[in-house]
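One structure is given below, encoded as structure tokens.
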Amino acid sequence: MKTANGHEIIQLFEKFSPKAFAMEDDKIGLQLGRLNKKINKIMITLDVLEEVIDEAIKRDVQLIIAHHPPIFRPLKNVLTDTVQGRMIEKLLKHDIAVYAAHTNLDVAKGGVNDLLANALGLTNPEVLVPTYETKLKKLVVFTPLSHAEEIRHVLGKTGAGFIGHYSHCSFSAKGTGRFLPEENTNPYIGQQGHLESVDEVRIETIVPEQLLKKVVTAMIKAHPYEEVAYDIYSVENKGEVLGLGRIGTIDEMTLGEFAERVKTALEVDKVRVVGDLSSRVKKVAVLGGDGNKYFKHAKFKGADVYVTGDLYYHTAHDAMMEGLNMIDPGHNVEKIMKKGVTEILSRMCKESGYEVEIFPSEINTDPFKFV
């Protein structure tokens, strides 16, 4: 195990939640501090409030990863006798970096909306609002027969060969490879100065563009040749569609019964409900945060009920007229990302051999109380 620096941690995190997934003009990425330092402790939080910063200082944290960007609007000044200025001063004094993953974390597989869908027990969840389509590449590599199976395994293990719900997809064809090792070579097969013919296998597979570097690096590492022959092609095939929100099904129940499930699953005391509590619901849409403008997507895709936060009065009326039930558990239910991201990033760091402690903030940042 080794101690990683901030750049290594964020590079790992962005494999899970790439910046490319974010909506246009979203304020994501490193917001304050520096990454060129050793990272021993990382805290995951929904919001960066002064109490959260004090918690990070007390626990000797070097990096905070937040869902909501603490600097969302441009700052005209930093006055340390204001709350925001004091927060920035504390972070700088204690050399705590703050990194924000906002809508990219909403879109990411395993991110906020998948966590919410899983918590609510949605079966076969799909994307509610498509926002991003993965670009695909065709990777072709030539390998001796002795290593063909190993190469295919490595390609599949690192993320190549996914077509729909099928993994490890590839095509192989046998042929003859020819090469002449020149001076200063150390050929796995053949001798310097002698033209060599080898029975080889051509292996081709599909690779998501964001995984291409990782897949090629792993393939070269597993390949026996000193110089690996491979090709990369652009293809027109449609890649995986990602986006905001999820829609799936549950065992049929009343709207009132489902509202109770929402309260329990998302750990809230109260929810606001639009619709007849005795109506039956089976198809459920959910979108973390403020999902007001997407309620028609839920209706169009056949949802019986739409779960989202910050519900507006007039949006509720519009949904009633459309015949769509709605449940508002509040914006703060996105706190589910604290535990989810902690588990995912901890696993990724362990697999990469990084010795780092990652934990969720224990501060409740919900500004609302029901009385």
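The values are calculated or read from the model by the stated rules, or taken from the named source; none is laboratory data. Worth saying up front: this structure is predicted, and the values here are computed from it rather than measured. Quick reminder, even Gly has a Cβ in these numbers, built from the backbone with ideal geometry, and neighbours come from all protein chains shown. These accessible areas exclude ligands, DNA and RNA; they are computed on the full protein's heavy atoms, side chains included. Shrake-Rupley method; radii C 1.70, N 1.55, O 1.52, S 1.80 Å.
Details
- Options F368, I96, L116, ranked by Cα towards positive dipole end of the chain, top entry (Cβ charges): F368
- Part-to-part distance (alpha-carbon centres) for the range 334-371 and the range 48-95, which is given in Å: 18
- Local net charge near L180, Cβ-Cβ under 15 Å (Lys/Arg +1, Asp/Glu -1): -4
- On the basis of the beta-carbon distance and an R0 of 51 Å, E227 and K58 show a calculated FRET efficiency of 0.40.
- The chain - mean residue ellipticity at 222 nm from DSSP helices (-39,500 (n - 2.57) per run, n ≥ 4, rounded to 500): -8500 deg cm²/dmol
- Rounded Å value of the spacing that divides the Cα centres of the range 211-233 and the range 106-184: 14
- Of all accessible heavy-atom area on the range 33-166, the percent that carbon and sulfur account for (1.4 Å): 53
- Of H67, H94, H102, the one that fluctuates the most in a GNM where the chain has Cα springs shorter than 10 Å: H94
- Lys, Arg +1 and Asp, Glu -1 on Cβ, resulting dipole of the chain about Cα centre, debye, nearest 20: 220
- DSSP-defined beta bridges in the chain - what % are antiparallel, rounded to 5: 70
- Helix 313-322 vs. the chain, principal-axis angle (Cα, 0 to 90°, nearest 10): 70
- As a length-normalised measure over Cα pairs under 8 Å and 6 or more apart, the relative contact order of the chain settles at 21 percent.
- Fluctuation leader among A20, A222, A101 - the chain, Gaussian network, Cα springs under 10 angstrom: A222
- The overall shape of the range 195-306, judged from the alpha-carbon gyration tensor, is prolate: a/c is not under 1.5, and a/b is greater than b/c.
- Global geometry of the chain, whether rounded, prolate or oblate, following the gyration tensor of its Cα atoms and the 1.5 cut on a/c: oblate
- Selected from V284, V78, V52 as most flexible by GNM, with the chain as the system and alpha-carbon contacts under 10 Å: V78
- In the context of the full set of protein chains, residues of the range 202-276 present 56 Å² of accessible surface per residue (probe radius 1.4 Å, heavy atoms only).
- Applying a DSSP loop filter and a limit of 15 other Cβ atoms within 10 Å to the trypsin sites (Lys or Arg not before Pro) in the range 325-371 leaves K369.
- Three-way shape call for the range 132-279 based on the alpha-carbon gyration tensor, with the a/c threshold at 1.5: prolate
- Distance from the Cα centroid of the range 299-324 to that of the range 259-275 is 15 Å (rounded to whole angstrom).
- Each other residue within a Cβ distance under 13 Å of I28 adds +1 if Lys or Arg and -1 if Asp or Glu, for a net charge of -3.
- The long axis of helix 83-93 is offset from the longest Cα principal axis of the chain by roughly 30 degrees.
- Per residue, the range 67-152 exposes 48 Å² of accessible surface when a 1.4 Å probe is rolled over the protein heavy atoms with every protein chain present.
- Taking the C-alpha atoms only, the angle from helix 148-157 to the longest principal axis of the chain is near 20 degrees.
- Accessible area of the range 288-369 belonging to carbon and sulfur atoms, whole % at 1.4 Å probe: 54
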